[in-house]
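Bear in mind that the values in this text are calculations on the coordinates, not laboratory data. A quick note: this is a predicted structure, and the numbers were derived from the prediction, not measured. A quick note on method: Cβ atoms are made from the backbone with ideal geometry, for glycine too, and the neighbour counts reach across all protein chains shown.
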Amino acid sequence: MTTLNERYPEIVRFHGHECPGASVGARVAEVALARFGRHDTGNEVVAVSETDACAIDAVQVLTGCTYGKRNLVHQDNGKNVFTFWRRGDATGIRVSARPGGDAYRDEATWALAEKIEAGVASPQERAAFAVAQQARTARILAAPVEELLLVEEISGDVPAVKAVRPTEPCEDCGDQTSVATLHNHRGRMVCPACHLAAHGGVLPPDHGHHGHDHAHPRAHAHAHAHAHPQSPQDNGHAHAGAHPHPHHH
């Protein structure tokens, strides 16, 4: 079995750069591999990621759980939390970044990142930020897993396999859309984007009770909980408007 050090260059190539977040994802994947092994025929593993930041690229490279295979589920909760399940025996683990550890920027690093994004950082401050990121990446890769991550056994329902469904045109924009995501909006089968636009960009709390009868036999059933805008995730670079408190990277 190849080691993390052997495969780390592959993560960097896939992600596009080396950064603390991708390194955290590598350590998360390391835990999942030790518990379940890599996803393969006869060893079906599914991952649920509660972030779309850098770490998830490393998870895809190492575990074989990817969006394209539909065994990677994204829940946009803005958390450095990853859940892994083995379908064969329905066992699971929850892996999260330990608060206060190197998985998160400290206040000084956030201050530098915000100056860089604002375009007011000096060359010396930019260099200091890069050095800090490199040092933190090295610490993340070398740290004992218990200092970096929290790991717990979990039980429950393994996420269902998302089936490939046929497509039909959205009655507003005309784009071919999976029938699994079409919405019956007042008698018109529309894609999620057109459905949101029909509500002025914000779905009302009672949207499931005004003309959404889902008459189409293959229409998507409305969920009553919808994602809200998330704070920008730290992806290894500085971001404008970044949250002032320690976040991923």
Assuming R0 = 25 Å, what is the FRET efficiency of residue 91 and residue 165, from their Cβ-Cβ distance, to the nearest 0.05? 0.30
Mind ordering 20-33, 133-146 by average Cβ neighbours within 10 Å, highest first? 20-33, 133-146
Qualifying lysines (Cα of each under 30 Å from Cα of residue 162; at least 8 residues distant if same chain): 69, 79
Determine, for each peptide in 59-65, 120-126, 5-11, 178-184, the mean count of other beta carbons within 10 angstrom over its residues, then list the peptides with the highest first. 59-65, 178-184, 5-11, 120-126
Distance between modelled label sites at residue 34 and residue 198, nm, 7 Å Cα→Cβ extension: 5.0
Rg/Rh of the stretch 1-148 (Cα atoms, Kirkwood Rh), to two decimals, equals 1.01
Pair residue 124, residue 43: separation of 7 Å Cα→Cβ label points (nm): 5.2
First select every other residue whose beta carbon is under 13 angstrom from the beta carbon of residue 74; then total the charges, Lys and Arg +1, Asp and Glu -1. -1
